[in-house]
Amino acid sequence: TLHLEAMSIFDMGNKLLENIRKVNFTGASGQVQFDASGDLIHPAYDIINIIRNGMRTVGFWSNYSGLLSTISPEALYSKPPNTSLANQHLYDVIWPGETAQRPRGWVFPSNAKELKIGVPNRFSFKEFVTEDNGTGSIKGYCIDVFTQALSLLPYPVSYKFIPFGSGTENPNYDKLIHMVESNEFDAAIGDIAITMSRTVTIDFTQPFIETGLVILAPVKKHIKTSWAFLQPFTLEMWCVTGLFFLIVGVVVWVLEHRINEDFRGPPSQQIITIFWFSFSTLFFAHRENTMSSSGRGVLIIWLFVVLIIVSSYTASLTSILTVQQLDTSIKGIDDLKSSNDPIGFQVGSFAQDYMVKELNISRSRLRALSSPQEYAEALKLGPKEGGVMAIVDERPYVELFLSTYCKIAVAGTDFTSRGW
Ligand code: GLY
């Protein structure tokens with residue numbers, strides 16, 4: 001019913017095509033001309049930046065150069081094509097909002113499900129993470145790390161922090177892990193140690209801080225008196241050294257006094273000479289000549305021994321006066337295991353279970369401590385007066401603790417290696 005027969009027929013299509021192929025004019029988009037295969041010769045485009053109702057050209061693109069460029073295509077046609085990417089360049093784009101900063105290209109979805117993120121509401125060592133009592137916001141080092149990491153993501157993440165724990169004592173971290181496992185929280189962030197048992201039930205990110213269990217113990221001072229200069233040698237060493245000085249003095253006197261004027265004189269004078277000669281070798285300051293070859297032989301060997309004694313004394317005294325002058329009687333975890341004295345741990349930490357299950361330390365020996373003040377008090381009292389012999393805790397807490405408290409130190413090395 002279209003009555004196509006009423007339409008007139010155009011039968012000069014080839015002629016039309018031929019005429020189109022021959023066109024050569026400058027149109028709105030530049031030169032319009034086709035090659036033998038019907039393709040546009042040197043097609044090129046302006047790259048424009050629309051700013052509200054206006055626009056500005058920020059560069060060009062042309063088939064000839066195959067690059068985005070601020071130089072017009074016509075200017076390039078006279079040169080051989082240079083397709084090096086180093087030449088690719090556009091003027092700065094002004095993005096919506098009148099900013100030169102490139103937008104990420106996303107917006108917060110209005111219907112996104114917020115992630116429920118559990119965070120430990122700590123009572124002590126709040127620097128790591130806790131709820132601010134005044135504002136109710138969650139703050140701390142772990143939160144800073146988390147928000148910085150989020151800002152690096154190329155997409156938004158909608159989340160809310162849910163404090164875990166009353167804030168009046170440190171929460172139980174195993175319970176927090178369990179709440180992630182049972183989907184009460186979508187995730188948890190904080191000073192959560194990555195332990196073997198926890199990795200069985202939940203996934204962890206890469207650790208953001210190194211941690212490990214260490215022993216905190218009270219320290220004794222090495223040097224208690226101004227007699228520190230006697231400490232490099234033991235009493236026996238001092239006695240033996242003094243004896244050798246006298247023996248060498250006597251031996252040299254025996255070998256020398258018959259032929260050497262320096263070792264002659266009344267008996268009292270000779271005794272003084274023996275003492276004076278032998279002890280002045282300590283400073284290589286003896287003035288008496290040795291004339292016999294055997295006397296010289298004894299003296300040269302003795303001077304070499306003196307050199308060694310003086311060097312050892314100097315080195316030991318230097319190290320005593322310069323290196324850490326504090327020491328604990330506990331050298332490592334074996335000392336804790338072999339004793340029956342109480343050991344402290346931080347409330348809520350995995351350290352308690354670790355000591356019971358992995359180190360076979362009796363639970364009855366463990367004392368829960370909740371704050372740095374309690375740590376210091378328990379260590380000060382010691383096991384005999386209701387305190388503890390040592391505290392086992394993670395290194396970051398211990399370092400924070402030691403930044404405030406003295407006369408306490410880390411004993412031995414970390415005996416576990418983990419991360420948060
Ligand atoms: N940092 C305490 C714990 O992970 O158990």
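Contour minus end-to-end for Ser403 and Val32, with contour as 0.36 nm per residue of separation and end-to-end as the Cα-Cα distance?
125.8 nm
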Query raised in the report: Given +1 on the Cβ of Lys and Arg, -1 on the Cβ of Asp and Glu, and no further charges, what dipole in debye does the chain carry about its Cα centre, rounded to the nearest 20?
Result: 860
Query raised in the report: Nearest-5 percent of antiparallel DSSP beta bridges in the chain?
Result: 65
Report summary line: Heads up, the chain by the C-alpha gyration tensor (a ≥ b ≥ c square roots of eigenvalues; a/c under 1.5 rounded, else a/b over b/c prolate, else oblate) looks oblate
Report summary line: For segment 253-403, the dipole about the Cα centre with charges only on Cβ (Lys and Arg +1, Asp and Glu -1), to the nearest 20 debye, works out at 360
Report task. Scan segment 18-120 for GluC sites (Glu not before Pro) in coil per DSSP, keeping those whose Cβ has at most 15 other Cβ atoms within 10 Å, and list them by number. Result -> Glu98, Glu114
Query raised in the report: How far apart, in nm, are the 7 Å Cα→Cβ label points at Asp262 and Arg287?
Result: 1.1
Query raised in the report: Ile209 versus His42, label points 7 Å from Cα toward the beta carbon: distance in nm?
Result: 6.5
Query raised in the report: How many nm is it between the label spots at Ser316 and Ala86, if each spot is 7 Å from the Cα in line with the beta carbon?
Result: 6.8
Query raised in the report: Kyte-Doolittle mean at least 1.0 and Cα extent at least 27 Å along the axis: which DSSP H helices of the chain qualify?
Result: 235-256, 293-322
Report summary line: Rounded to whole angstrom, the alpha-carbon centroid of segment 49-68 lies from that of segment 169-199 at a distance of 53
Report task. Hey, for a label at Ser294 modelled as a point 7 Å past Cα toward Cβ, could you say which residues of segment 244-282 have their backbone N under 18 Å away? Result -> 247-261, 263-264
Report task. At most 10 other Cβ atoms within 10 Å plus a DSSP loop assignment makes a site exposed; report the longest stretch of the chain without any exposed trypsin sites (Lys or Arg not before Pro). Result -> 288-420
Report task. Using Cα centres only, tell me the gap between segment 257-326 and segment 378-396 in whole Å. Result -> 51
**Report entry** Extension reserve of the Asn360-Ile50 stretch, reckoned as 0.36 nm per residue once the Cα distance is removed
**Finding:** 104.4 nm
**Report entry** Förster-model FRET efficiency, 45 Å R0, Lys220 and Ala187, C-beta, rounded to 0.05
**Finding:** 0.50
Query raised in the report: If you take the charge dipole of segment 21-118 about its Cα centre, with +1 on Lys and Arg Cβ and -1 on Asp and Glu Cβ, which of Gly38, Ser72, Leu115 is farthest toward its positive end?
Result: Leu115
Query - Restricting segment 224-292 to chymotrypsin sites (Phe, Trp or Tyr not before Pro) in coil, as DSSP defines it, with at most 11 other Cβ within 10 Å - result: Phe284
Query raised in the report: In whole Hz, what ³J(HN,Hα) sequence does segment 117-125 give by Karplus (6.51, -1.76, 1.60; θ = phi - 60°), x for Gly and Pro?
Result: 10, x, 10, x, 8, 6, 9, 10, 6
Query raised in the report: If the chain between Thr57 and Lys79 were fully stretched, how many nm would it gain, using 0.36 nm times the residue separation less the Cα-Cα distance?
Result: 5.7 nm
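Where a number appears in this text, it was derived from the coordinates with a stated rule and is not lab data. Being a predicted model, the structure only gives us computed values, none of them experimental. For neighbour counting, all protein chains shown are included, and Cβ atoms are generated from backbone atoms with ideal geometry for every residue, glycine included.
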